[in-house]
Amino acid sequence: MNIYIVSDTHFGDNNINLYEHRPLPVHEMDERMVELWNTAVTCNDIVYHLGDFGLPSYAGRLNGRKYLIMGNHDRELSPEQWREAGFENASELPCILDKYIILQHEPPEYYRNDTPYCWLYGHVHSTDMYRTITRRTACMCAERWDYRPQLLSDIIAKMNTEE
């Protein structure tokens, strides 16, 4: 079993290409992201989606045991409705893994490099003012990671090489 992280897939969102200029039209991009997800993730793996998932009908097509940290575009449905769509859990609150990894939709307002905590987040897509990875943060928006979930262990390893 592996743990994967991804954010801001925006499945079925016709407006996403207005903001992010994804390489394919929305439906084709959605199908490509489903293929990339299912190639990486097995049915026994865990995937934390850090918000702005998109149409709930896509959840059942994706491998893995899925957990949703709800983003601003996910709040039209209740956590219960997201569970009915195929997530094992959906939460409006951040999630903490291994006592020091904080999973949330929006970037942290403040952090220090000497803290033992690290933040994985989404929301900002390709905005230049946020680096993709630092020693204590990783922006997990799909655009920054080839539109596929990333192994948590690989993310942490990359964070550990940052200064």
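The values are calculated or read from the model by the stated rules, or taken from the named source; none is laboratory data. It should be emphasised that the depicted structure is a prediction, and the values quoted were computed from it without experimental measurement. Note: ideal-geometry Cβ built from the backbone for every residue, glycine included; neighbour counts use all protein chains shown.
On the stretch given as segment 30-69, residues that are over 19 Å from ASN14 (Cβ atoms), of a type in the set (A, V, I, L, M) and touching a residue at least 60 places away in the same chain (Cβ under 8 Å) total 5.
Taking GLU80 as the residue in question, decide whether it is modelled with pLDDT under 95 and either closer than 22 Å to ILE155 by Cβ or in contact with a strand residue (DSSP E or B) (Cβ under 9 Å, 6 or more places away or on another chain) (or both). In short, no.
Based on this model, can you work out whether HIS123 counts as modelled with pLDDT of 95 or more and on the phi > 0 side of the Ramachandran plot? The answer is yes for HIS123. Of all residues in segment 48-73, those that are touching a Pro at 6+ places or on another chain (Cβ under 9 Å) and more than 19 Å from LEU36 (Cβ to Cβ) total 2.
Can we say THR137 is in contact with a Lys or Arg (Cβ under 6 Å, 6 or more places away or on another chain) and modelled with pLDDT of 95 or more?
Numbers: in contact with a Lys or Arg (Cβ under 6 Å, 6 or more places away or on another chain): no; modelled with pLDDT of 95 or more: yes.
Judged against the criteria, THR137 is not a match.
Filter segment 143-163 for residues that are assigned to a loop (DSSP other than H, G, I, E, B) and without any contact (Cβ under 8 Å) to a residue 40 or more places away in the chain; which is nearest to the chain's Cα centre (by Cα)? Before you say what the answer is, go through the steps one by one.
Of all residues in segment 143-163, those assigned to a loop (DSSP other than H, G, I, E, B) come to 146-149, 162-163.
Those still in the list that are without any contact (Cβ under 8 Å) to a residue 40 or more places away in the chain too: 162-163.
On the way: GLU162: 21, GLU163: 24 Å.
Among them, the one singled out is GLU162.
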